[in-house]
Amino acid sequence: MIPRKPYLLRAMIEWCEDSGLTPLVAVNAELPGVRVPQDFVEEGRITLNVNFSAMKQREISNDALTGYARFNGRSEMLDVPMAAIEALVVRETGEGMMFPNDADEAQSAVAQRLQDEIRAVTDDERDGAADEDTPEDEPPRPPRGRPNLKLVK
């Protein structure tokens with residue numbers, strides 16, 4: 001499966017730029033392959049302004065964020081693997097998006113719950129979903145489909 005992070009990152013950065021906002025990326029500078037100016041790393045993290053005006057020759061591939069940025073007037077080459085990007089934050093509003101660190105965390109609780117519900121429905125269909133098959137100590141399952149209301153006068 002193709003990872004979602006680079007697609008979400010590109011989309012959020014494009015939305016920020018189209019809206020006149022400043023996208024900032026939080027990077028774990030301690031991961032292997034991260035190339036950032038170490039003078040600006042604090043507690044193993046660095047925040048980068050990735051706006052098109054702040055980062056020259058910016059490229060966001062499925063593997064890394066690369067380009068040149070200025071630090072204290074000096075142009076520095078940046079190479080940030082996708083695994084090192086932890087979050088995107090909008091400078092002006094403080095809003096943002098956290099990115100999971102590994103594939104196990106990629107599924108949110110909502111996505112997992114939806115998958116469980118889909119699995120339950122498909123299992124019920126395969127098993128015939130007979131009500132008499134349910135043990136007596138389990139509560140009855142709610143009816144499927146849309147709710148029905150009767151108008152009583």
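The values are calculated or read from the model by the stated rules, or taken from the named source; none is laboratory data. All of these numbers come straight from a predicted model, not from anything done at the bench. Glycine gets a Cβ as well: all are built from the backbone with ideal geometry, and neighbour counts include every protein chain shown.
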**OP:** Working only within the stretch 52-67, note down all residues that are touching a residue at least 12 places away in the same chain (Cβ under 8 Å) and either more than 18 Å from ALA87 (Cβ to Cβ) or surrounded by fewer than 17 Cβ atoms within 10 Å (Cβ to Cβ) (or both).
**Re:** PHE52, ALA54, LYS56, SER61, ASN62, ASP63, THR66, GLY67
**OP:** For ARG4, indicate whether it is touching a helix residue (DSSP H, G or I) at 6+ places or on another chain (Cβ under 9 Å) and among the charged types (D, E, K, R).
**Re:** no
Original post:
Given (1) in contact (Cβ under 8 Å) with a residue 24 or more places away in the chain; (2) touching a Pro at 6+ places or on another chain (Cβ under 9 Å); (3) within 20 Å of ARG91 (Cα to Cα); (4) of a type in the set (Val, Ile, Thr), where does VAL25 come up short, assuming only one miss?
Top reply: (2)
**OP:** Would you confirm whether any residue within the stretch 69-82 is in a helix (DSSP H, G or I) and in contact with a Leu (Cβ under 8 Å, 6 or more places away or on another chain)?
**Re:** yes
**OP:** Give just the number: which of (1) modelled with pLDDT under 65; (2) of a type outside the set (D, E, K, R); (3) assigned to a strand (DSSP E or B) does LEU114 not satisfy?
**Re:** (3)
